[in-house]
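The values are calculated or read from the model by the stated rules, or taken from the named source; none is laboratory data. It should be emphasised that the depicted structure is a prediction, and the values quoted were computed from it without experimental measurement. When we count neighbours, we look across all protein chains shown, and the Cβ atoms used for this are built from the backbone with ideal geometry, even at glycine. With ligands, DNA and RNA removed, areas are computed over all heavy atoms of the protein, side chains included. Shrake-Rupley method; radii C 1.70, N 1.55, O 1.52, S 1.80 Å.
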Amino acid sequence: MRGMSFLPRAAWLAALAVAVLAPLVLRSPAHQNLLVLTGVNVMLVASLDLLIGQSGLLSLGHAAFWGIGAYTSALLTLRAGVPFLVALPGAVGAAALCGILIGYPSLRLRGHYFVLVTFIFGIIVTLLLTSLVTVTRGPMGLPGIPFATLPRPWGSAVVLNTFQDKVSYYYLVLAGVLFTLGVRARVLTSRMGQALVAIREDEDLGQTVGIDTHSYKVGIFTLSTGLAGMAGSLYAHYTTFLAPEIFDFVASFDLFVMNLIGGAGTTAGPVVGPVLLTLVRDLLRAVHPVLAGILFGLFLIGGIAFLPEGLVGRWQKLVCRAGGRGSDPGRGALPVRRGSVAQHPQVADALQAVRGMEVGLTAGVDEGRTSPDRQAPQPLRPRMAILAVEGLTRTFGGFRAVSGLSFQVFPGEIVGLVGPNGAGKTTTFNLITGFLRPTAGRIRFRGEDVTGMPPHRLACAGLVRTFQQTRVFSRLTVTENVRLGLHRHERGGLSRALLGGKAEEQARLERRVQEVLQFTGLWHQRDRRAEELPYGEQRMLGIAVALAVEPEVLLLDEPLAGMNPAEADAAMALVCRIRERGVTIVLIDHHMETLMRYCDRMIVLHHGEKLAEGSPAEVRAHPEVIRVYLGDEAVFLR
């Protein structure tokens, strides 16, 4: 989000000046060789950070794509006589194509499965490079790779002979570094970068705001592997010799550690990490070549143990503490306001209900506090339901969580879905919103069959949900949470991320964020991180994120959980205001007394089947509901 601006521009300009002047000051060929290799490592780690630091995707086979780019460029120039400027994009394309072929199926998996896929792919690439002797010369290595040649408007092309002049090639690598960092910065400050943050923080929640998480993961993986292929091409034409062991698992692990030590997900971490570790490794080799590996390993263990957030991450923490912005700035988070009286735990608890009531307006709360016998006005029902469930069934092995469930929801209604624990209410929501596929039955939204449609497509169509447990992007600010909710209203993809968006569109989206926060009563908390909010305001933030999507039907899963009666009335007053804006609402909750006053209709589930349906008065008097759901006493429904 705004994390890319953490370091002042002057610091970046100073770093660029040092990089430009370094080979002119360090005249030794050994030092200049170290500078070139450091530049290649920065490119590789910056591309890897797009996965690990920004998207939460751990890849342990990144060096394989580096090797694919290197061998592709080398073979094109050596065997096919292709010019370097043609071989370079060819290397990028080959690595990116392999990224698509590997990423498209494997990124449907989560957790350690993707890590295993990348790890195994890295081993396979190393074995292929070793086995294809007729193409790669196998373990003997591939020598005689042509030097890079660059055309110029006048005279013959410039041959970058790295044996005689390393400075010129260093500047070519520096151009590659600047290109990689520029692409990374452009992506992370774009709509795509915001989607990656959502994937990193909570992928399921990201889908509910309309983010096609699989497509974004495949896109960023392709971009990352393509940049690694570019680094491979530059490396191949610098060393003019390649061997399979250069690109094995150890190389991938080294890149991972460089990213970790520098600070995964930070702005400068992908630069600091490889620069520091490349220099430290070289110094240790100079001190004692035999013990260099052991000393380097001890250095890495110490760094990981005492700096788990990396060097840049720790620096950011210290700066934020010194500036009074909190103990942990997060990644891409806005400054946190301190010193508010509401932060005192006792005062915060006392004000929680008051703030909730404020958003409901006095009229709404007064209406909610009338007699339980007073019902909300029944909306006129159009002939077509906006949401229809027909014979919905879901089995888990031999257990039927939902069985033959059918009901309709009409525009403008507030419908309560109630039942004992384990009745199948949340499973029904998961089926309706695409997080589970039904075993049988159909789901229709606005007359269209949406059975099995993925959650992000349903959200874009206007069918949005919240979760039973409090789900927000906890390390982001309130403003950034709602900003992610506007994802489907912003245009753009990978190409737009690289080219940039329009300022007018950004201003429009910022105004919409302000409207949503003011409507839900969270404007005063806009700069606080979500995890710092009281429980009630975190629940409200979850609703605010859903409202930012601009749903037609909003499914609220236990929005009143953990609230006392006054807080529940205030929250339901907000629900009524949401309905007044034309949003149809279906909600699950156990606050029966509150739901009876506010819902137009109620549907009671028991063991996955519909037990009763009707107005609150009809449900209240239903004998089976009294027997199964409330027992024989049914005290608070009378």
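Quick look at the numbers
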| item | result |
| --- | --- |
| Boolean, Arg184 is closer than 18 Å to His62 by Cα and among the charged types (D, E, K, R) | yes |
| Residue that is modelled with the highest pLDDT [pool: residues in segment 161-187 that are open to solvent by less than 10 Å² (accessible area, probe 1.4 Å) and closer than 21 Å to Gly265 by Cβ] | Thr180 |
| Single unsatisfied condition, Leu311 versus (1) among the aliphatic types (A, V, I, L, M); (2) modelled with pLDDT under 80; (3) more than 30 Å from His524 (Cβ to Cβ) | (2) |
| Of the criteria (1) open to solvent by 10 Å² or more (accessible area, probe 1.4 Å); (2) over 30 Å from Glu480 (Cβ atoms), which one His214 fails | (2) |
| Flag for Glu505 being more than 30 Å from Val604 (Cβ to Cβ) and either open to solvent by 40 Å² or more (accessible area, probe 1.4 Å) or within 17 Å of the chain's Cα centre (by Cα) (or both) | no |
| Residues of segment 39-79 classified as charged (D, E, K, R) and closer than 24 Å to Leu276 by Cβ, total | 1 |
| Filter result for Pro8 (surrounded by fewer than 20 Cβ atoms within 10 Å (Cβ to Cβ) and free of Cβ contacts under 8 Å to residues at least 24 places away in the same chain) | yes |
| Inter-residue pairs, beta-carbon under 7 Å, first in contact (Cβ under 8 Å) with a residue 60 or more places away in the chain and in segment 187-212, second assigned to a helix (DSSP H, G or I) and among the aromatic types (Phe, Trp, Tyr), 6+ apart | Met192/Tyr216; Ala195/Tyr216; Leu196/Tyr216; Ile199/Tyr216 |
| Options Arg400, Arg437, Arg394; residue that is surrounded by fewer than 18 Cβ atoms within 10 Å (Cβ to Cβ) and within 31 Å of the chain's Cα centre (by Cα) | Arg437 |
| Criterion: at pLDDT below 85 and open to solvent by less than 10 Å² (accessible area, probe 1.4 Å) - qualifying residue of Gly416, Gly364, Gly368 | Gly368 |
| In segment 103-114, residue modelled with the lowest pLDDT [restricted to those that are open to solvent by 40 Å² or more (accessible area, probe 1.4 Å) and part of a helix (DSSP H, G or I)] | His112 |
| Enumeration of residues in segment 574-618 that are surrounded by 16 or more Cβ atoms within 10 Å (Cβ to Cβ), over 22 Å from Phe519 (Cβ atoms), in contact (Cβ under 8 Å) with a residue 40 or more places away in the chain and of a type in the set (A, V, I, L, M) | Ile588, Met592, Leu595, Met596, Met602, Ile603, Val604, Leu605, Leu611 |
| Leading residue by the ranking (farthest from Pro455 (Cα to Cα)) among those in segment 81-92 that are open to solvent by less than 40 Å² (accessible area, probe 1.4 Å) and part of a helix (DSSP H, G or I) | Phe84 |
| Residue match in segment 55-74 (condition: more than 26 Å from Gly265 (Cα to Cα), of a type in the set (S, T, N, Q) and either part of a helix (DSSP H, G or I) or open to solvent by 60 Å² or more (accessible area, probe 1.4 Å) (or both)) | yes |
| Residue identified as open to solvent by less than 10 Å² (accessible area, probe 1.4 Å) and either in a helix (DSSP H, G or I) or not basic (Lys, Arg) (or both) among Gly144, Gly219, Gly155, Gly193 | Gly193 |
| Residue within segment 90-106 that is more than 16 Å from Gly61 (Cα to Cα), out of contact with any Ser or Thr (no Cβ under 8 Å at 6 or more places or on another chain) and of a type in the set (Val, Ile, Thr) present | no |
| Ala264 vs. criteria more than 28 Å from Trp12 (Cα to Cα) and hydrophobic (A, V, I, L, M, F, W, C) | no |
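For (1) crowded, with 23+ Cβ neighbours inside 10 Å; (2) closer than 27 Å to Gly144 by Cβ; (3) touching a helix residue (DSSP H, G or I) at 6+ places or on another chain (Cβ under 9 Å); (4) in contact (Cβ under 8 Å) with a residue 12 or more places away in the chain, each residue gets a yes or a no:
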{"residue": "Ala231", "(1), (2), (3), (4)": "yes, yes, yes, yes"}
{"residue": "Leu234", "(1), (2), (3), (4)": "yes, yes, yes, yes"}
{"residue": "His237", "(1), (2), (3), (4)": "yes, yes, yes, yes"}
{"residue": "Thr240", "(1), (2), (3), (4)": "no, yes, yes, yes"}
{"residue": "Phe253", "(1), (2), (3), (4)": "no, no, yes, yes"}
{"residue": "Gly262", "(1), (2), (3), (4)": "yes, no, yes, yes"}
{"residue": "Gly269", "(1), (2), (3), (4)": "yes, no, yes, yes"}
